[in-house]
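The block underneath contains the structure these notes are about, expressed in structure tokens.
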Amino acid sequence: MLQDRPTSDSRPPAPQRRPDLRERWRLMPTALKAGVVLVLWFVVWLVLRGQDTLVLPGRDSTAVHDWLTGFRDDLLASRDTNVFMQFTGVVSDAFSALIEYLQGLVAAPAFPRPVPEIGWLGVVALATWVGYAIASWRIAVLVAASFVSFGLLGYWEESMDTLLVTLSSVGVAVLVGIPLGILIGRRKWAENLVTPVLDVMQTMPTFVYLIPVVLFFGIGTSGAVAATIIYALPPVIRITGHGIRTVSTTTIEASDSLGQTDWQRLRHVQLPMARKTIIVGINQTTMAALSMVVLAAFVNGPGLGEPVLESLRILDIGRGFVPSLAIVVMAIMLDRSTTAASERSERVARSGGEDVRRRRITLAVTGAAAIGAVLYSRYSLWAAEFPETSVGSTLADWTNTVVRGFTDNYSSVTSSIKDGITAVTINPLEALIADSPWYLMAAVILALGFILGGWRVLPVVTACLAGLYFLDLWHDAMVTLTMVLVATAIVMVLALVIGVWMARSARADLVIRPVLDAAQTIPPFVYLLPSLALFGPGRFAAIVAAVVYSAPVAIKLVTDGIRGVPETTLEASRSTGTSRWQEIRKVQIPMARGSLVLAANQGLLYVLSMVAIGGLVGAGALGYAVALGVSRSEEWGKGMAAGISIVLLGILLDRIMRGAARVKADPLAGAGGSSGPPVSPVA
């Protein structure tokens with residue numbers, strides 16, 4: 001008797017394998033994982049708060065700080081025998097001699113003359129001619145108006161000092177940076193060697209550069225030039241390398257097929273095709289240099305930073321507003337000039353070429369006129385020394401009147417905003433972060449680093465945390481971290497609201513983008529003044545300045561990310577009947593998540609840079625320790641430890657954000673799988 005064979009449909013279903021713990025962890029949403037960590041943190045904090053927070057009271061120092069100060073003293077004592085200190089001494093003397101010579105030419109009396117070798121009229125004429133030669137008549141007019149405004153505001157000599165230090169530093173940075181950029185653009189080993197150094201340098205806030213510079217190059221002009229060169233180097237190296245690297249491979253192969261040598265390929269193909277990108281790098285280097293020159297006033301560097309710093313010390317807003325205005329004018333002038341110079345050849349090509357003979361004649365005639373103005377300014381007193389005007393003092397008095405009137409009428413409003421945000425966000429978050437035991441806080445950061453960035457970030461995060469513990473400024477670092485997180489959160493809210501608006505409205509983009517471009521050219525030091533006027537000294541003023549300084553870059557990144565969502569995807573979502581709000585929330589923002597992470601990363605680093613400077617307006621924490629270390633010899637060790645702590649904090653946050661971006665691009669990377677594409681380097 002035949003028995004019925006069981007068919008495949010009648011077989012009992014195979015029991016499903018229950019996912020193991022690792023798989024369940026991987027499948028859990030990131031937000032839920034982070035939420036679990038935060039809840040556990042809060043519960044433990046309720047029990048252990050206030051214990052082992054590693055508070056270092058007031059201006060106390062530790063053995064580590066004293067050791068650093070002793071190390072500095074030993075180095076200074078060995079100036080006559082230490083080869084490196086002798087080298088930095090020679091370089092320092094060369095910088096001082098160069099700037100002193102240039103000052104005698106255009107800024108300060110050149111003994112025995114009571115005025116500079118070239119008077120203001122000659123300087124304006126020469127600068128205007130250069131503006132026309134490298135760009136256009138429009139730029140020439142902008143340059144002339146900018147130079148005249150320096151004199152009218154009453155800061156001719158300080159403006160010339162700022163320009164001299166900036167342009168001299170940019171010249172050295174370009175001489176060193178472009179060959180190095182070409183090397184990393186053509187040799188992979190050089191790129192692998194140099195890129196991590198550039199990442200660290202660009203993660204480091206401007207203020208922190210001053211501490212080691214004071215040690216090796218001293219204070220004054222030499223220290224200002226050295227700090228500016230070091231700070232301005234990374235952009236030109238990185239962008240030159242990028243320009244060389246992105247020359248089309250087809251073009252390279254075509255040049256190879258012609259039998260060109262390596263040098264011929266570089267000179268005739270790669271450099272000409274990367275020219276525009278290299279000039280963009282010079283533009284970025286120039287803006288970075290101006291930013292540092294202004295801040296270098298803190299180490300007695302010459303220029304416009306001195307009156308701004310003095311106004312911060314005596315809380316005279318009007319007195320600081322006028323030189324700040326001159327700095328803004330100078331920043332716009334330098335930015336527009338270098339940008340126009342980079343676009344000139346393309347603009348001429350688009351317009352069908354230019355009359356070369358006519359241009360040469362114009363350059364020759366205007367050049368002769370400029371030389372005539374230079375000669376005239378050497379022998380005429382009114383053309384040598386800019387006439388005194390009351391424009392600057394009137395503007396300062398008017399500013400003080402406006403600020404006084406505003407604070408008298410609206411101080412209750414600004415105080416309410418400050419007190420409200422402080423009570424609702426800053427104080428509770430600072431209590432949670434800074435009052436947690438150091439080991440609890442370290443465990444939370446490691447856990448969040450693992451959840452957001454995967455295993456790869458843990459070695460770096462662990463090393464940074466160990467460094468913070470070793471440097472004995474843990475509590476100050478946590479207070480600084482609180483300010484950074486609050487400011488970054490506000491920046492991202494602004495970036496989302498304004499960025500989405502700009503991406504969806506061409507009219508909004510047309511109006512807001514020029515404002516953001518102009519805001520990005522202003523040195524961070526300048527932002528402290530309006531914040532101080534509105535909210536008074538303290539950490540809230542530093543946070544506001546950090547938000548204003550960081551928002552433009554984050555807004556533009558979010559705008560570009562939202563705008564990059566394919567139109568076909570949007571059309572598909574609209575065909576299903578989604579509303580405008582649903583389209584933003586469920587389509588555009590999720591698809592632009594990579595840009596949002598990058599915006600948060602960049603905003604965070606900008607915020608950290610400004611919060612460090614915020615020590616000048618009473619923000620306390622690490623910024624105050626750095627300011628103290630730069631200005632007081634006996635506090636150098638603690639200031640150095642604070643500077644290194646800020647760098648460690650920046651690297652820690654940067655690596656976690658980069659890791660998060662990598663995990664978003666490739667979820668397996670977070671679980672130890674294959675790595676995703678490298679994230680764009682920090683600007």
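The values are calculated or read from the model by the stated rules, or taken from the named source; none is laboratory data. Model, not experiment: these values are computed from the prediction. Don't worry about glycine lacking a Cβ; one is built from the backbone with ideal geometry, like all the others, and counts go over all protein chains shown. For accessibility, only protein heavy atoms count, side chains too; no ligands or nucleic acids. Shrake-Rupley method; radii C 1.70, N 1.55, O 1.52, S 1.80 Å.
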Task: Residue count for the range 346-387, restricted to those that are surrounded by 11 or more Cβ atoms within 10 Å (Cβ to Cβ), of a type in the set (D, E, K, R) and outside any helix (DSSP H, G or I) - done: 2
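Each row is one residue, and each column tells you yes or no for (1) within 20 Å of Ile490 (Cα to Cα); (2) open to solvent by 10 Å² or more (accessible area, probe 1.4 Å).
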site	(1), (2)
Ser595	yes, yes
Gly603	yes, no
Leu608	yes, no
Glu634	no, yes
Ile646	no, no
- [ ] Please specify each residue of the range 485-504 satisfying the condition of being open to solvent by 30 Å² or more (accessible area, probe 1.4 Å) and of a type outside the set (D, E, K, R).
- [x] Leu485, Ala489, Ile490, Met492, Val493, Leu494, Leu496, Val497, Ile498, Trp501
Open item on the list: Taking the condition of being modelled with pLDDT of 75 or more and open to solvent by 70 Å² or more (accessible area, probe 1.4 Å), how many residues in the range 515-529 meet it?
Closed with: 1
Task: Hits in the range 266-280 (condition: more than 28 Å from the chain's Cα centre (by Cα) and crowded, with 16+ Cβ neighbours inside 10 Å) - done: Leu266, Val269, Gln270
TODO: Mind counting the residues in the range 222-265 that are farther than 28 Å from Pro196 by Cβ and open to solvent by less than 20 Å² (accessible area, probe 1.4 Å)?
DONE: 2
Open item on the list: With the requirement that a residue be in contact (Cβ under 8 Å) with a residue 24 or more places away in the chain and surrounded by fewer than 18 Cβ atoms within 10 Å (Cβ to Cβ), what does the range 137-148 give you?
Closed with: Arg138, Val148
Open item on the list: Quick check on my filter: what residues within the range 315-353 are touching a Pro at 6+ places or on another chain (Cβ under 9 Å) and either at pLDDT below 80 or among the acidic types (Asp, Glu) (or both)?
Closed with: Leu315, Ile317
Open item on the list: Residues to consider are Leu164, Leu75, Leu102; find the one that is closer than 30 Å to Ala621 by Cα, in contact (Cβ under 8 Å) with a residue 40 or more places away in the chain and either in contact with a helix residue (DSSP H, G or I) (Cβ under 7 Å, 6 or more places away or on another chain) or among the polar types (S, T, N, Q) (or both).
Closed with: Leu75
Open item on the list: Just to confirm my filter: which helices (runs of 4 or more DSSP H) fall fully inside the range 549-618 and include at least 1 residues that are out of contact with any Lys or Arg (no Cβ under 8 Å at 6 or more places or on another chain) and closer than 25 Å to Arg662 by Cα?
Closed with: 567-575, 593-613
Task: Out of Val491, Val497, Val484, sole residue that is closer than 30 Å to Arg563 by Cβ, part of a helix (DSSP H, G or I) and free of Cβ contacts under 8 Å to residues at least 24 places away in the same chain - done: Val497
Task: The listed residue being open to solvent by less than 50 Å² (accessible area, probe 1.4 Å) and closer than 22 Å to Gly659 by Cβ, out of Leu471, Leu458 - done: Leu458
Open item on the list: Cβ-Cβ distance below 9 Å, separation of 6 or more or different chains: which pairs start in the range 34-61 with a residue that is touching a residue at least 40 places away in the same chain (Cβ under 8 Å) and end on one that is open to solvent by 80 Å² or more (accessible area, probe 1.4 Å) and of a type in the set (Phe, Trp, Tyr)?
Closed with: Asp52/Tyr439; Leu54/Tyr469
- [ ] Output the qualifying pairs, or none if there are none: Cβ atoms under 8 angstrom, residues six or more apart or on different chains, first residue in the range 373-385 and of a type in the set (Val, Ile, Thr), second residue at pLDDT 85 or above and crowded, with 18+ Cβ neighbours inside 10 Å.
- [x] Val374/Ile118; Val374/Gly122; Val374/Ala125; Val374/Leu126
